[in-house]
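Reading through the structure tokens given below for one structure.
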Amino acid sequence: GWAGAGRVALLAVLLCLWCRAVAEQVRYSIPEELGRGSLVGPLARDLGLSADELPARKLRIVAGDEKQYFILEEDNTNLRVNDRIDRESICGAVSPCVLSLEAVVENPFDIFHVSVTIQDINDNAPQFNREFVTIEMIESTPPGTRFPLGSGRDPDIGVNSLQNYELTPNPLFSLLVRESPDGTKHAELVLEKILDREKQRNHHLILTAVDGGDPVRSGTAQIKINVTDANDNPPVFTKEIYKVRLMENLPEGSLAFRVKATDNDEGTNAEITYSFGDIASSTRQLFTLDPRTGDVKVTGPLDYEERKYYEASVEGKDGGGLTAHAKVHIDIIDVNDNAPTLSLLPILNPIPEDSVPSTVVAVINVRDRDSGENGEVSCKMDGNLPFRLETSSENTYKLIIASPLDRENVSAYNITITATDHGSPALSSSTELVLEVSDVNDNAPVFEEAAYSAYVWENNAAGALVVRVQARDADAGTNGRVSYWLAGGSAGAAGAAALVSVEARSGALYAQRSFDYEQCREFAVAVRAQDGGAPARSSTATVRVFVLDRNDNAPRVLWPAAGAGAAAPGAASAPAPFEVVPRSAEAGYLVAKVVAVDADAGRNAWLSYELVQASEPALFGVGLHSGEVRTARAVSERDAAKQRVVAVVKDHGQPALSATATLHVVLAESLQEALPELSERAAGGEAAAAELQFYLVLALALLSALFLLSVALAVLARLRRA
């Protein structure tokens with residue numbers, strides 16, 4: 001069981017490898033002259049591409065021919081004919097006639113070589129260069145003498161080309177068909193019997209050339225034979241076959257070669273006139289033959305790429321009408337007169353900047369019509385760029401990424417590709433390809449500062465601008481579009497949102513409420529900058545907000561404590577604080593210390609003290625910064641026993657705020673001596689309290705009386721209406 005499974009697996013692997021090998025080279029064969037849109041073959045299926053994967057694989061074709069003979073259907077499944085294909089104009093006598101192209105697929109990238117063989121159809125009938133042929137024969141011509149009749153021309157190949165000649169039956173003449181080394185068939189007329197001019201001066205024959213196609217096509221030429229009197233010696237060419245090699249760049253008007261014939265007769269019978277015998281019309285346009293000298297000159301452009309070989313026959317006729325014939329074989333030698341041609345097929349344009357090295361971005365197809373070394377081409381790329389050329393096949397190159405791309409550094413590349421052949425001198429041609437690099441989201445936003453500091457005066461208005469943060473993203477489009485969000489802070493995300501808000505587009509931070517320096521002196525929030533890519537990238541910056549103090553708090557006196565001013569309504573006020581100073585006190589005696597605080601900070605909390613009111617202004621003084629109340633001079637007997645001192649406490653804000661402190665001083669040597677003064681103060685306080693209580697009771701009685709009067713009036717009014 002395991003052995004059987006192994007054989008099945010091995011067979012599957014071999015089948016996959018075989019299919020892959022087949023897919024690398026796809027061959028089709030079609031007849032010529034198919035109409036536009038005719039099916040060549042199911043290219044997608046033959047490449048192993050299913051209908052589901054076809055859109056992603058992006059099948060395309062590239063050909064090096066000037067004419068685009070083939071196209072893909074809109075759904076990229078079948079290969080079809082795009083333009084008329086005439087095998088004879090494309091390939092001439094070359095067989096087989098093959099048109100090559102490359103099929104390119106992506107995801108993953110691959111190149112397949114496709115060859116289409118063009119089959120010949122019998123669409124051309126044989127033709128003779130001359131429809132009427134005149135031959136001069138002297139009546140003494142011995143039997144067996146042969147006279148060239150030329151050859152017919154049929155551009156078709158194989159069985160569709162010229163296969164045989166037929167001659168109308170005549171007892172005096174027969175037909176001999178000879179085949180040259182290149183396969184061309186030539187007809188020769190053979191004299192079978194001695195001619196008798198007295199019996200018949202002219203003979204008329206019809207030569208027919210037939211091909212082997214289905215149906216058979218044919219062409220005819222009429223042959224007229226004139227029988228002349230005896231002329232002893234016919235002309236004789238110096239060579240039976242003239243073999244000539246001509247460079248294809250030979251200028252027009254140049255002497256190509258010379259033919260020469262001699263005649264042993266004398267007089268007009270020895271004067272030889274030269275002419276072309278069997279010659280194609282296309283060859284006649286390229287060469288001229290001087291009828292007297294036998295000089296053959298070039299009269300048209302020779303092109304090795306169009307035709308490599310020409311064949312003709314020349315005739316020499318003397319004055320007596322006798323002729324001689326010779327063959328001329330002309331070989332055209334290739335010179336490097338064709339520069340390479342390039343065709344480009346972009347695969348990726350624009351190129352995502354995160355494309356990995358070895359990614360194929362374009363396919364270059366190179367063609368050179370010359371042959372041999374003149375037709376061998378190499379390609380190179382100019383400049384030091386992150387790309388390289390790699391050979392895919394004999395005429396195809398791949399342009400691939402050689403090193404990583406970065407759109408933020410270089411957003412487009414102008415690539416010049418030069419193709420140079422190996423001829424001498426070498427010819428070259430260039431083409432330019434502009435490749436743009438598309439952006440991917442590979443850069444996170446970067447703040448201008450990693451940490452921001454903002455300073456805001458307290459008591460600000462809600463909605464006031466605190467600070468503006470800014471981040472830049474090197475990417476483009478939506479990948480580089482930055483928006484801002486709160487990401488938390490020292491008070492957490494919810495706490496930060498309660499303090500400030502950020503505008504998503506501008507990065508401006510606004511205060512959500514009025515700040516109080518005495519409650520919150522500083523706080524930090526985290527701002528996140530996020531781009532619009534997918535997935536999005538982000539970075540965070542810290543914004544530390546410092547609340548600046550304003551002078552919005554007046555100083556508060558802690559000692560001496562406030563007296564009646566702090567009592568609740570309806571309650572007896574506590575007696576004001578007092579200090580006892582002995583009458584023997586000298587100057588500088590510490591009476592008391594005024595203690596005050598200010599909730600503000602800095603200069604707004606710097607306090608100074610000043611004496612603003614006293615029973616004896618010259619008796620007391622207060623320290624400017626200490627708040628200590630001391631005697632300014634020695635106490636005397638003349639000073640009143642009870643003294644009242646009022647000090648003001650001021651801060652240094654702009655504008656300055658202040659508070660007052662009242663201090664009662666009793667001048668006495670001992671506490672027992674001061675008690676009577678203190679009792680008076682207590683009694684005075686009780687009397688004042690009693691007086692206040694009386695007024696309160698009186699007010700309550702009046703309110704009750706008014707209420708009872710209102711009720712009585714209401715009852716009386718109701719009774720009167722009843």
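I want to make sure I understand the PRE zone here: with the label point 7 angstrom from the Cα of GLU33 toward its beta carbon, which residues in segment 129-162 have backbone N atoms less than 16 Å away?
It comes to 154-162, nothing else.
Using a probe radius of 1.4 Å on heavy atoms only, what accessible surface per residue do you get for the chain? Whole Å² is fine.
54
Heavy-atom accessible area of LYS67 with all protein chains present, probe 1.4 Å, nearest 10 Å²?
That residue has around 90 Å² of solvent-accessible surface.
Based on the alpha-carbon gyration tensor of segment 180-302 and its eigenvalue square roots a ≥ b ≥ c, which shape applies: rounded if a/c is under 1.5, prolate if not and a/b is larger than b/c, or oblate?
Oblate shape, in that a/c is at least 1.5 and b/c is the bigger or equal ratio.
Mark the label point 7 Å from the Cα of ARG178 along Cα→Cβ and return the residues of segment 186-208 whose backbone N is within less than 20 Å of it.
186-193, 207-208
So which GluC sites (Glu not before Pro) in segment 594-637 pass both tests, a DSSP loop state and at most 10 other Cβ atoms within 10 Å of the Cβ?
Passing sites in segment 594-637 are GLU637.
Taking the Cα centre as origin and putting +1 on Lys and Arg beta-carbons and -1 on Asp and Glu beta-carbons, what dipole magnitude results for segment 406-448, to the nearest 20 debye? Show your work: numbers first, answer last.
On the way: 1 positive and 8 negative charges, 55 e Å.
For this selection, approximately 260 debye.
Among ILE90, VAL104, LEU72, whose Cα sits farthest toward the positive end of the charge dipole of segment 19-147 (+1 at Cβ of Lys/Arg, -1 at Cβ of Asp/Glu, about the Cα centre)?
VAL104
In the chain, if the dipole is taken from +1 on Lys/Arg beta carbons and -1 on Asp/Glu beta carbons about the Cα centre, which of ALA647, PRO55, ASN414 is farthest to the positive end?
Projecting each Cα onto the dipole axis, the largest value belongs to ALA647.
Just to verify a number: what accessible area does ASP639 come out at with the full protein assembly present, 1.4 Å probe, Å² rounded to tens?
ASP639 exposes around 10 Å² with every protein chain in place.
If the only charges are +1 at each Lys and Arg Cβ and -1 at each Asp and Glu Cβ, what is the size of the charge dipole of the chain around the Cα centre, to the nearest 20 debye? Don't skip to the answer; put the middle values down first.
Values: 65 positive and 98 negative charges, 718 e Å.
About 3440 debye.
What percentage of all Cα-Cα pairs in segment 509-668 are separated by more than 23 Å?
That tail contains 56 percent of the Cα-Cα pairs.
Would you mind telling me the share, in percent, of accessible area of the chain contributed by carbon and sulfur at probe 1.4 angstrom? Write down the numbers at each step before the final one.
Values: 20590 of 38770 Å².
After summing per-atom areas, the C and S share lands at 53 percent.
I need the calculated FRET efficiency for the pair PHE546 and TRP485, taking r as the beta carbon distance and R₀ as 30 Å, to the nearest 0.05.
Numbers: r = 23 Å, r/R0 = 0.76.
For PHE546 and TRP485, the calculated efficiency is 0.85.
Which trypsin sites (Lys or Arg not before Pro) in segment 393-491 pass both tests, a DSSP loop state and at most 16 other beta-carbon atoms within 10 Å?
In loop regions of segment 393-491 (DSSP not H, G, I, E or B), the sparsely surrounded trypsin sites (Lys or Arg not before Pro) are ARG481.
Would you mind checking the tilt of helix 2-24 against the longest principal axis of the Cα atoms of the chain, expressed as 0 to 90 degrees and rounded to 10?
70
What nm value, rounded to one decimal, do you get for the distance between LYS593 and GLU53 when each label is placed 7 Å out toward the C-beta?
9.4
In nm, to one decimal, how far is the modelled label at ALA640 from the one at ALA714, with both set 7 Å along Cα→Cβ?
Result for the modelled spin labels: 5.5 nm.
Are any of the pairs LYS243/LYS297; LYS243/LYS327; LYS67/LYS398; LYS199/LYS317; LYS185/LYS327; LYS593/LYS650 more than 18 Å apart by Cα-Cα distance, and if so, which? Mind dumping the intermediate values first?
On the way: LYS243/LYS297 15 Å; LYS243/LYS327 8 Å; LYS67/LYS398 22 Å; LYS199/LYS317 25 Å; LYS185/LYS327 13 Å; LYS593/LYS650 16 Å.
In this structure, LYS67/LYS398; LYS199/LYS317 lie more than 18 Å apart at Cα.
Normalise the Cα radius of gyration of segment 446-548 by 2.2 N^0.38 Å (N = residues in it) and let me know the number.
On the way: Rg = 14.0 Å, N = 103, 2.2 N^0.38 = 12.8 Å.
That ratio works out to 1.09.
Considering the options LEU486, ILE225, GLN285, tell which one lies farthest towards the positive end of the dipole of the chain, charges being +1 on Lys and Arg and -1 on Asp and Glu at the Cβ, about the Cα centre.
Of the listed residues, the answer is LEU486.
What is the extension gain from GLU306 to THR478, computed as 0.36 nm multiplied by their sequence separation minus the C-alpha to C-alpha distance, in nm to one decimal?
56.3 nm
In nm, what is the difference between 0.36 nm times the number of residues separating VAL440 and LEU611 and their Cα-Cα distance?
53.9 nm
Enter the accessible area of GLU248 (Å², nearest 10), with the probe set to 1.4 Å and all protein chains included.
10
Around GLU106, what is the net charge, scoring Lys/Arg as +1 and Asp/Glu as -1 over all other residues with Cβ under 9 Å from its Cβ?
+2
Could you please report the charge total around ALA714, scoring K, R as +1 and D, E as -1 over all other residues with beta-carbon less than 12 angstrom from its beta-carbon? List each step's numbers first, then the result.
Values: positive: ARG718, ARG720, ARG721; negative: none.
So the environment of ALA714 carries a net charge of +3.
Give me the one-decimal nm value for the distance between modelled label points at SER140 and TRP457, 7 Å along each residue's Cα-to-Cβ direction.
Placing both labels 7 Å along Cα→Cβ, they lie 14.2 nm apart.
Answer rounded, prolate or oblate for segment 341-438, using the Cα gyration tensor with square roots of eigenvalues a ≥ b ≥ c: rounded when a/c is under 1.5, else prolate when a/b is larger than b/c, else oblate.
Because a/c hits 1.5 or more and a/b exceeds b/c, segment 341-438 counts as prolate.
Residue separation times 0.36 nm, minus the C-alpha to C-alpha distance between ARG505 and ARG583: what's the value?
Values: separation 78, 0.36 × 78 = 28.08 nm, distance 7.75 nm.
This chain segment gains 20.3 nm when fully extended.
Mean projection of the alpha-carbon convex hull of the chain over all orientations, in nm²?
That works out to 84.3 nm².
Pairing the Cα long axis of helix 671-721 with the longest principal axis of the chain, what angle in degrees results, from 0 to 90 and rounded to the nearest 10?
For 671-721 against the chain, the angle is about 70 degrees.
Rounded if a/c is under 1.5, else prolate if a/b is larger than b/c, else oblate: which is segment 127-228, with a ≥ b ≥ c the root eigenvalues of its Cα gyration tensor?
The shape class here is prolate.
Per DSSP H run of n ≥ 4, the term is -39500 (n - 2.57); total these for the chain, divide by its residue number, and report the mean residue ellipticity at 222 nm rounded to 500 deg cm²/dmol.
So the calculated ellipticity at 222 nm is -4500 deg cm²/dmol.
The values are calculated or read from the model by the stated rules, or taken from the named source; none is laboratory data. The model shown is predicted, which means the values in this text are computed figures rather than measured ones. Glycine also receives a Cβ, built like all others from the backbone with ideal geometry; neighbour counts cover every protein chain displayed. Quick note on the areas: whole protein, heavy atoms, side chains included, nothing else; ligands and nucleic acids left out. Shrake-Rupley method; radii C 1.70, N 1.55, O 1.52, S 1.80 Å.
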